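Notes follow the structure.
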Amino acid sequence: MLLDAARTAATHAYAPYSRFEVGAALSTPTGEVFTGCNVENASFGETICAERVAVTTMVAAGHRSIDAIAVVGSTDPCWPCGACRQVLAEFGCRRVIVDGPEGPMEMEFTDLLPHAFGGPA
């Protein structure tokens, strides 16, 4: 279900520079789902990744914890970048799911970022 929501989100990506469209869908421990897509900018440093769009949407809705996040991109697998990994750690993300060449791949978040920097989570 999360991968399908991430695929749909990717269709809304704004990626005129890289043409690398990414979608993310996360679920909270209570089952709410929030999605995001990457939004590029001519000033490349202002680009925001799909994962962080989903997280900020979740936070704006009053949630503070992530059970799982699914990420899909123009090429698979599409793992979260370092900045997104740190943001996901801040909210206690437990699992990461991506499309792989032979189907979905899932791992515990602590295996993806074993030594996250600080944060309340």
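Applying 1/(1 + (r/R0)^6) with R0 = 22 Å to the Cβ-Cβ distance of residue 75 and residue 44 gives a FRET efficiency near 0.70.
Taking GluC sites (Glu not before Pro) across segment 3-90, the ones in a DSSP loop with at most 13 further Cβ atoms lying within 10 angstrom of their Cβ are 32. Remark: relative contact order (the chain) = 21 percent; criterion is Cα-Cα distance under 8 angstrom and separation of 6 or more residues. Within the chain, the longest segment free of exposed loop sites, counting chymotrypsin sites (Phe, Trp or Tyr not before Pro) that fall outside DSSP classes H, G, I, E and B and have at most 14 other Cβ atoms within 10 Å, spans 21-116. Estimated from helices alone, the mean residue ellipticity of the chain at 222 nm is -7500 deg cm²/dmol (sum of -39500 (n - 2.57) over DSSP H runs with n ≥ 4, per residue). Spatial offset of segment 54-119 relative to segment 11-34 amounts to 11 Å, using the alpha carbon center of each. Of the trypsin sites (Lys or Arg not before Pro) found in segment 58-121, those in coil by DSSP whose Cβ has at most 13 other Cβ atoms within 10 Å are 64.
Laboratory data are not the source of any read-out in this text; all were calculated from the coordinates shown. For clarity, every value in this text was computed on a predicted model and none was experimentally measured. Don't worry about glycine lacking a Cβ; one is built from the backbone with ideal geometry, like all the others, and counts go over all protein chains shown.
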